[in-house]
Amino acid sequence: MKILLLGAGGFIGANLTERLLRDGKHDITALDIERDKLDDTTGGAKLNYVEFDIRGDEKKLEELAVAHDVVIDLVARANPSLYVSNPIDVFKLNFTENLKIAEFCVKHKRRIIQFSTCEVYGITAARAFGKSSAEFPQPFIEDETPLIMGPIKNHRWIYACAKQLLERVLHAYGIEEGLEYSIIRPFNFIGPRIDYLPSEQTGNPRVFSHFMNGLLYGTDIKLVDGGVNFRAYTYIDDAVDCIVRIIDRPDACNREIFNIGTPENEVTIKELAARMIQIFDREFRQPGDPRPRVVSVSSEEFYGKGYEDCDRRIPNVDKARKLLGWKSEHDLDSVLFHTMKYFVDKHRARG
Ligand code: NAD
Ligand code: UGA
């Protein structure tokens, strides 16, 4: 198969590219505006890389889509701080620009694998009805669970809303024009190259990288609103394994939405910090390493006005198990150990 991988230079894209090149079954074109993570994963491997901004030359983008059998679309702003600080940019890239790609696939009858998000589920029904989601675990099911977002003034939801609208448009093109698509809803993947740490590059990355930064550089480990909300973490290699099955099984996956996640790996963010500190002390600590403070900060202080958190998101992964025979292999400690090891090794190598 000829595969066009848009956003191949990002966290998921670089790890997926590495695996696809290793398998050697498909011809891959990796497209992005940056390639550092690709260079880190693929080393010297021969890579067909196209440096291209999808907001640019539409004709070239269309030609690229036509030249491939499958388009995998990972391009997005995928960092919660941006949903608050740059909501219009998030909407334009994650919906408007991505819609163009979907429409090229409709026009030229190409299969599309679209990366959406578990954030489309929004908040839990428990929270919506004023109950504590800590007491009501409700796994999210792809084709059943209602999608509940917060009020407009909490513009964090623009990301989830843009992704949800794109899912609805793909579904509609499937019905009206026979578009062949699969939609993936990732539930908090982590692993090597997830983000740059704040001490390595300015910006506000995802929670793992903030906590890792604290462990390596001594910056505060900040629990936003006390870290009471939950996430369920999946190791990137497990996630990539599921994505590869989706790529290789077009018939089983046509017009299907897949949760990719690991319900067993659920923790509160406060527990996540405690586990990371424990693993660091046990496996990696060396004399002279800093001991970060763990502090609580308000979400407004951390992200600015307009943030509202997802309280709990437990994936139901029955569909991936039934249709693809997939199940994640790494438990939480193993996910954290392998991811932390990558960053510790990089840090020590720099001296
Ligand atoms: P990422 O930010 O690491 O990767 C996105 C990539 O898109 C980057 O390499 C970036 O350079 C590229 N990109 C951005 N704008 C571009 C443009 N205009 N033209 C070309 N390339 C551009 O994010 P990720 O974690 O790898 O996520 C990939 C996808 O999966 C996103 O759609 C995201 O919303 C979704 N997702 C990821 C997670 C997760 O756990 N990582 C969770 C939910 C959803
Ligand atoms: C995650 C990913 O980070 C996004 O890239 C992705 O788009 C999104 O999932 C998704 O599923 O689509 P989220 O889990 O909310 O989003 O983002 P994180 O930044 O990793 O935050 C997780 C939790 O940790 C949140 O409760 C946040 O408030 C908290 N947090 C974050 C802290 O307590 N401290 C920090 O330093 C950073």
Applying the selection to the stretch 300-346, what residues are farther than 13 Å from ASN265 by Cβ and among the small types (Gly, Ala, Ser)?
GLY304, GLY306, ALA320, GLY325
Elements of type helices (runs of 4 or more DSSP H) in the stretch 271-351, at least 2 residues being aromatic (Phe, Trp, Tyr) and surrounded by 13 or more Cβ atoms within 10 Å (Cβ to Cβ):
299-303, 332-350
Residue among ILE175, ILE246 that alone is more than 27 Å from GLY150 (Cβ to Cβ), away from ligand 2 (no atom under 15 Å from the Cβ) and touching a Cys at 6+ places or on another chain (Cβ under 6 Å):
ILE246
When the stretch 248-282 is checked residue by residue, the ones that are basic (Lys, Arg) and over 30 Å from GLY178 (Cβ atoms) are LYS270, ARG275, ARG282
Can you find even one residue in the stretch 184-193 that is without any contact (Cβ under 8 Å) to a residue 60 or more places away in the chain and not aromatic (Phe, Trp, Tyr)?
no
For the stretch 239-259, does any single residue satisfy the condition of being under 16 Å from PRO186 (Cβ atoms), touching a Lys or Arg at 6+ places or on another chain (Cβ under 9 Å) and away from ligand 1 (no atom under 16 Å from the Cβ)?
yes
For residues in the stretch 33-49 being of a type in the set (A, V, I, L, M) and surrounded by 16 or more Cβ atoms within 10 Å (Cβ to Cβ), which is nearest to the chain's Cα centre (by Cα)?
LEU38
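Matching residues to (1) surrounded by fewer than 22 Cβ atoms within 10 Å (Cβ to Cβ); (2) in a loop (DSSP other than H, G, I, E, B):
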{"position": "PRO198", "(1), (2)": "yes, yes"}
{"position": "THR202", "(1), (2)": "yes, yes"}
{"position": "MET212", "(1), (2)": "no, no"}
{"position": "THR219", "(1), (2)": "yes, yes"}
{"position": "GLY226", "(1), (2)": "yes, no"}
{"position": "ASP237", "(1), (2)": "yes, no"}
{"position": "VAL240", "(1), (2)": "yes, no"}
{"position": "ARG245", "(1), (2)": "yes, no"}
Helices (runs of 4 or more DSSP H) contained entirely in the stretch 60-170, each with at least 2 residues that are out of contact with any Gly (no Cβ under 6 Å at 6 or more places or on another chain) and within 16 Å of ligand 1 (Cβ to nearest atom)
80-85, 87-91, 98-107
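Here, each number is a calculation from the coordinates, and none is a lab measurement. Just so you know, these numbers come straight off a predicted model, no measurement behind them. When we count neighbours, we look across all protein chains shown, and the Cβ atoms used for this are built from the backbone with ideal geometry, even at glycine.
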